[in-house]
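A.B. asks: There's a structure below that I have some questions on.
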Amino acid sequence: MKSKSKERRKAESDLLYFLQLYNTLKGREGAVQTRAWLDDQIELLVEKLKLM
């Protein structure tokens, strides 16, 4: 099996971090804008990973 590129490992790591942060903020008041930003970042990373 081919090893993952440095860029792919970084994108996967960022995606996991953003998902954990999103889940942490899910139940908190006043985090609507942050969750919206995280949602956008998560979508971008998922699309980037699909193309790799």
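A.B. asks: Among Thr24, Leu38, Ala11, whose Cα lies farthest out toward the positive end of the dipole of the chain, if unit charges sit on the beta carbon of Lys, Arg (+1) and Asp, Glu (-1)?
C.D. replies: Ala11
A.B. asks: Let me ask another. Roughly what angle does helix 6-25 make with the longest principal axis of the chain, taking Cα atoms, 0 to 90 degrees, to the nearest 10?
C.D. replies: Roughly 20 degrees between the two axes.
A.B. asks: For the chain, which trypsin sites (Lys or Arg not before Pro) are in a loop by DSSP, counting at most 13 other Cβ atoms within 10 Å?
C.D. replies: For trypsin sites (Lys or Arg not before Pro) across the chain that sit outside H, G, I, E and B with at most 13 neighbouring Cβ atoms in 10 Å, the list reads Lys2, Lys4, Lys26, Arg28.
A.B. asks: Can you match volume of the Cα convex hull per residue in Å³ to one of these, [x] 78; [y] 68; [z] 121, based on a calculation from the structure here?
C.D. replies: [y]
A.B. asks: For the Cα atoms of the chain, what angle does the longest principal axis make with the long axis of helix 32-51, in degrees from 0 to 90, nearest 10?
C.D. replies: Roughly 10 degrees, rounded to the nearest 10.
A.B. asks: Ok, one more. Give me the lysines in straight-line cross-link reach of Lys4: C-alpha distance below 27 Å, same-chain residues under 8 apart excluded.
C.D. replies: Lys48, Lys50
A.B. asks: A further question follows. Report in % the part of the accessible area of the chain that belongs to carbon and sulfur, leaving out ligands and nucleic acids; probe 1.4 Å. Intermediate values should be presented prior to the final figure.
C.D. replies: On the way: 2410 of 4460 Å².
Using a 1.4 Å probe with all protein chains present, the chain comes out at 54 percent carbon and sulfur.
A.B. asks: With a Förster radius of 22 Å, plug the Cβ-Cβ distance of Thr24 and Lys50 into 1/(1 + (r/R0)^6) and report the FRET value to the nearest 0.05.
C.D. replies: Values: r = 25 Å, r/R0 = 1.15.
According to the calculation, E is roughly 0.30.
A.B. asks: Tell me, what is the per residue accessible area of the chain in Å², probe radius 1.4 Å? List each step's numbers first, then the result.
C.D. replies: Numbers: 4460 Å² over 52 residues.
Value for the chain: 86 Å² per residue.
The values are calculated or read from the model by the stated rules, or taken from the named source; none is laboratory data. Since we're looking at a predicted model, the values are computed, not measured. Don't worry about glycine lacking a Cβ; one is built from the backbone with ideal geometry, like all the others, and counts go over all protein chains shown. Remember, those area values only see protein heavy atoms, side chains included, never the ligands or the DNA or RNA. Shrake-Rupley method; radii C 1.70, N 1.55, O 1.52, S 1.80 Å.
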